[in-house]
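First up is the structure itself, then whatever we jot down about it.
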Amino acid sequence: MNYRTKTYVAAAWDEDHEAIEQLYSWNENDIYSLEFKNVHDFKQSRDNSLPCSIKDSLSKRMDMCKLFILIVGEKTNSVKEGYCIFCKNYRSWSTCCSSSKLQSNKSFIDFECDRAKRDYYNGKIKILVLYNSSYIYKEKCPESLRDIGFHQAMKTNGKYDYLKVKLAFLDALR
């Protein structure tokens, strides 16, 4: 049995890397510390893995977490990475791929958010949605998380705001 002691960060990595790096920078700083254990530091999947294998690894990582953080940016809802249709083992005529796994047309972000929502309603995880902007734009958030968890903008007047994010962490974990 895994104890849920870590934090899971999900985002459109290519689009919101600046916000992710800022979050990690605050976490590793001696003065500004968010004090979370990043589950991605403990368990990794290979980049050349099949989407179904990566989703399995993501699911195992989530089993270790007490907090799920989604960073929402401009393109969060349009990310397609993780769809089985883009996999070399995809079979358009079947519900299974050539690796005998069920096909899924969910992106990695949608998969992570749906899993977080299920765990949230089962009382296993808390959810923090951070917006890579000065405002909360729920229409940019995946639908599964729009109305659950704690939502907070990461910026004030266009600049990252440590205190705002730190308080959001505390509120989300209550």
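A short reminder: the numbers here are calculations on the coordinates, not readings from a lab. Here the structure is a predicted model, which means the values were calculated and not measured. Methodologically, a virtual Cβ is constructed for each residue, glycine included, from the backbone with ideal geometry; neighbour enumeration extends over all protein chains shown.
Remarks
- Here the label points at I148 and W13, each 7 Å from Cα along the C-beta direction, are separated by 2.5 nm in the simple model.
- Full-extension gain in nm, K106 to T5, via 0.36 nm per residue minus C-alpha separation: 33.7 nm
- Each of S53 and Y137 was given a label point 7 Å from its Cα along the Cα-to-Cβ line. The distance between the two points is 3.6 nm.
- Taken along the Cα-to-beta-carbon direction at a fixed 7 Å, the label points for K124 and K166 span 3.2 nm.
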